[in-house]
1. Under a 1.4 angstrom probe, counting protein chains only, how are 209, 384 ranked by accessible area, largest first?
2. As an exercise, use a Förster radius of 25 Å and the Cβ-Cβ distance of residue 81 and residue 339 to find the FRET efficiency, rounded to the nearest 0.05.
3. Given N residues in the chain, what is its alpha carbon radius of gyration divided by 2.2 N^0.38 Å?
4. If the only charges are +1 at each Lys and Arg Cβ and -1 at each Asp and Glu Cβ, what is the size of the charge dipole of the chain around the Cα centre, to the nearest 20 debye?
5. Quick one: grab Rg to one decimal and Dmax as a whole number for the range 58-152, Cα atoms only, in Å.
6. Do the sum for the chain: with -39,500 (n - 2.57) for every DSSP H run of n ≥ 4, divided by all residues, what is the mean residue ellipticity at 222 nm, to the nearest 500 deg cm²/dmol?
7. Using a probe of 1.4 angstrom, how much of the accessible area of the chain is carbon and sulfur, in percent?
8. Give, in nm to one decimal, the length gained when the segment between residue 390 and residue 144 is fully stretched (0.36 nm per residue of separation minus the Cα-Cα distance).
Amino acid sequence: MTSWWCEHAWLGDAPVAGVRVTAQGGVIAAVERSAAPQPDDVRLAGLVLPGFANAHSHAFHRALRGRTHDMGGTFWTWRERMYRVAERLDPESYLALARAVYAEMVLAGVTCVGEFHYLHHGPGGTPYDDPNAMAEALRQAAREAGLRITLLDTCYLAGGLTAEGHTRPDPVQQRFSDGSSARWADRVARLRADDSFRVGAAIHSVRAVPRLELADVAQAFPDRPLHAHLSEQFAENEAALAFYGRSPTELLAGADALGPRTTVVHATVAPHMELLGSTGTSVCLCPTTERDLADGIGPAKLMAEHGSPLCLGSDQNAVVDLLEEARALEMHERLFSLERGVFTPAQLVEALTVNGHASLGWPEAGRIAVGAPADLVAVRLDTVRTAGTAVPQAIYGATASDVHTVVNAGRTVVSDGRHVLGDVGRLLAEAIAPLWED
């Protein structure tokens, strides 16, 4: 039994002063309001939030930070550099990189990540002796870094989509492909969940999964989360309309791939958003990636008004700061709508916590409440960024640098801003440098 006394804790839709949280076996057993600190309590200064959910990550993209910004270009030219990293990774190097990336996430308050995983096989598409060796590297990386993971195992069959049809995977993309949706499903079925690892499914995009196989992927694991990239670029919309006569959203709807268990990612230029909201499909926005790759500003207010729950992801991990992602949800909408206060602080916290966990198949998480995992993120209110901030509005000023303590399922993983693995910057540098050696 462990108790934390929180100077302020986010309960429901607002912060409350003087809260004691008690956990047993990693699960919250009691939440007391207006509590005085006791001698055995672990004291958490500042504002304590529920653990953050990073609903969309490509861990290996972190190696591109500071490597793709100097020559302009487009999403498609950025992708060529991403493939350069992908072709160099193996299970051992992926473990080292992902462990460091996940530790960086934990330092930023993330206690659960959705890894959109498509780097499955060895060079040329040759399976490893364990066909899920790369997935198992991610499982181990998350466990050692101290966060839960939903592995969104991604079906990726085609190299792309043009007005003439789908193209064959190029040599790098062969590492992503199982050859058919049936072989993909057979491999995914071998993965086993545990107390910190759950398995979902993903359609990479309508570019990478032909229409005739979309339904097979969508229904392969009907009780698990299903994610899909959707309309991140106009080129995807144009190709889908030219070849299929339907938008990407309509293609997913026609495959019965939309619904409450489904999360579409980006949708920055998605037509037919009403199909998303009417089916209860969630939308994961990744604002720092969307602005880095010039994807555009996702119409978040319109998505929410149509009925889509909103969650957040760091995607390519050019920035790992979920507080910034939450803040950008509001700030980008201000740029788009020319209005302030489109989303309340409570709605931003909901996107950061409850909605993200639900999209990843952890509906019990994301709240400081009895029965929830004891996931706590303590944010300082006395830094140069947060000093003088009204507590309910701290999310507008705080950054990942203000997170001082992170507790995951009752275990303290970050204390005084330091991760249990030690120097995470060094771990990142050591994992990334070999990937760029000539």
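The values are calculated or read from the model by the stated rules, or taken from the named source; none is laboratory data. Being a predicted model, the structure only gives us computed values, none of them experimental. Methodologically, a virtual Cβ is constructed for each residue, glycine included, from the backbone with ideal geometry; neighbour enumeration extends over all protein chains shown. Heavy atoms of the whole protein, side chains included, go into the accessibility calculation; ligands, DNA and RNA do not. Shrake-Rupley method; radii C 1.70, N 1.55, O 1.52, S 1.80 Å.
1. Values: 209 0, 384 140 Å².
Ranked list, largest accessible area first: 384, 209.
2. 0.10
3. 0.94
4. 300
5. Taking only Cα atoms of the range 58-152, I get Rg and Dmax of 13.8, 40 Å.
6. On the way: 14 runs with 137 residues, N = 438.
Mean residue ellipticity, 222 nm, calculated: -9000 deg cm²/dmol.
7. Working: 8500 of 16470 Å².
Percent of accessible area from carbon and sulfur atoms in the chain: 52.
8. Details: separation 246, 0.36 × 246 = 88.56 nm, distance 3.58 nm.
Using 0.36 nm per residue and subtracting the Cα-Cα distance, I get 85.0 nm.
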